[in-house]
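No value in this document is a laboratory result; all are computed from the given coordinates. Everything numeric in this text was worked out from a predicted model, so none of it was measured. Methodologically, a virtual Cβ is constructed for each residue, glycine included, from the backbone with ideal geometry; neighbour enumeration extends over all protein chains shown.
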Amino acid sequence: MSVRVRVPTPLRKFTNGADEVAAQGQNVRALVDDLEKSYPGIKERICDETGKIRRFVNVYVNGDDIRFLQNLETSLKEGDNISIVPAIAGG
Amino acid sequence: MANPTAARWIASERFREPKKVESVLDLVGETPLLEIRKTPEGISPGVRIFAKLEGMNPGGSVKDRPALKMIQEGIKSGKLAAGKTIIDSTSGNTGIALAMIGRVLDYPVELVMPSNVSAERKRIISAYGAKVTYSDQLEGSDGAILLCREILEKNPDKYFKPDQYCNPMNSQAHYETTGPEVYRQTDGRITHFIAGIGTSGTIMGAGRYLKEKNSKIRVIAVEPDDALHGLEGLKHMATSIVPGIYHEEALDEKIPASTEDAYAMVYRLAQEEGILVGQSSGAAMHATLQIARKLRSGVLVTVFPDFGDKYLTTNLWVGWRDRMSVGNLKFSI
């Protein structure tokens, strides 16, 4: 089972510049672990030391914020579109 | 009376004649300087900390200053002729300022912003009647910069682009107003000037003025500690399109601020000082306290770019009560 993950610019240094990658996982938690396997260092940017999604990072599954779904336990299915969206930088 | 601030406030006659002006643009600048008295607990009694309240500008942020200066200069130089449309890319506050100024001076305004700017900003800008084009939220403010360039290239004669990242009038506005105001408001006793960097206009312009007045004044920038951050309005220079007006060599020091520390400081300022600000102000205050703790004496001035009402729907306030216990914060609720 594979889902598509859209990667924001600040995290592309982990994905060799790719703005979209394929990854695996039954839920968001497993997906983040799978991303970490392929792109070491990325998990620490998305999650805090307790493993929760950092509060200023928004993760969307097919356009819905996982905070309003089941957070890290939000289940995923083949072909889902996931976006990782940070806050906005200056000017 | 236990609380000295209360005693002072009750004892003084606080009547001041309010300003009477012809245009909302006459209200830009001359913002108050607030002494921060409770939050700096534990610092040397010889250190005083002040914050410039840029939220008091009519558009609600520090961006009124550069926006007005860039538009004035555009009109003066003839580049912003009648019938032209003002366009720029922005993370929000510059957009609000341009939308307001365009309305007053009768220029249409088009803005390019990442689609995830706060709902409040979107509504404020639409209330002023400006047109907004949204860029991909995954590309951040650099995506807005690039999309704005594309729109401009297709129709170069239609637009006037202030270009806040590269226009020297951005920092010039702060050289002419913010810097002198701060110097005057501290009777020339300022020793440290601390400000966050977005376009870097504030620190470049006000910093240059202050250095000219007294080369010993330390000019210190605050930036997000990582490329991925939640400090709306601030830029992590190493991973961003570097603004043309930014000259790192003009800084004495750069202090990184984590999003978590900045957010915690926003909660503290609301509960301890009674002032609700945005996250970039939290970052500025956090860095200012770090400097203050190392000093025996000094007059530190930082800039609070805006108030907090534009961020109430953002992640800053998502689950904030759960996070108040982080660190050594003492809260009563």
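List of remarks:
- Helical content alone sets the calculated 222 nm signal of chain B at -10000 deg cm²/dmol, taking -39,500 (n - 2.57) per DSSP H segment of four or more residues and averaging over every residue.
- Within segment B:215-244, backbone nitrogen closer than 11 Å to the virtual label 7 Å beyond the Cα of residue B:320 toward Cβ: none
- If you run the Gaussian network model on chain B, springs between alpha carbon atoms under 10 Å, then out of B:133, B:259, B:94 the most flexible one is B:133.
- Per-residue Cβ neighbour rank within 10 angstrom, fewest leading, B:218, B:189, B:121: B:189, B:218, B:121
- The tail of the calculated P(r) for the protein assembly as shown beyond 33 Å holds 36 percent of all Cα-Cα pairs.
- Virtual paramagnetic centre 7 Å along Cα→Cβ of residue B:81, amide N under 19 Å, in segment B:96-124: B:106-109
- If R0 is 35 Å, the Cβ-Cβ spacing of residue B:270 and residue B:250 corresponds to a FRET efficiency of close to 0.60.
- 17 Å Cα-Cα reach of residue A:52 towards lysines, excluding residues that sit fewer than 8 places from it in its own chain: A:43
- Approximating the spin labels as points 7 Å out from Cα along Cα→Cβ, the residue B:213-to-residue A:52 distance works out to 4.4 nm.
- Calculated FRET value between residue B:134 and residue B:313, using beta carbons and R₀ = 22 Å, to 0.05: 0.85
- The alpha carbon gyration tensor of chain A gives principal lengths a ≥ b ≥ c with a/c below 1.5, which makes the shape rounded.
- Antiparallel DSSP beta bridges within the protein assembly as shown, as percent of all bridges there, nearest 5: 35 percent
- Here segment B:93-171 and segment A:1-55 have alpha carbon centers that stand 31 Å from each other.
- Sorted largest first, the principal axis extents computed over the alpha-carbon atoms of segment B:64-160 equal 37, 27, 20 Å.
- Going from the fewest other Cβ atoms within 10 Å to the most, the residues A:37, B:154 appear in the order B:154, A:37.
- Share, in percent, of DSSP beta bridges within chain B that are antiparallel, nearest 5: 15 percent
- Exceeding the 24 Å Cα-Cα cut-off - candidates B:84/B:131; B:19/B:122; B:84/B:154; B:20/B:122; A:13/B:235: B:19/B:122; B:20/B:122
- Shielding of B:125-137 by partner chains, average beta-carbon count, 10 Å: 1
- Pairwise alpha-carbon distances in chain B exceed 27 Å for 43% of all pairs.
- Inter-chain Cβ neighbour count for B:217-230, averaged per residue, equals 4 (cutoff 10 Å, partner chain atoms only).
- 3J(HN,Hα) along segment B:39-49, derived from phi through the Karplus expression 6.51 cos²θ - 1.76 cosθ + 1.60 where θ = phi - 60°, amounts to 4, x, 3, x, 8, 4, x, x, 9, 10, 10 Hz, with x in place of Gly and Pro.
- The mean sequence distance of close C-alpha pairs (under 8 Å, at least 6 residues apart), as a share of the length of segment B:193-299, puts its relative contact order at 28 percent.
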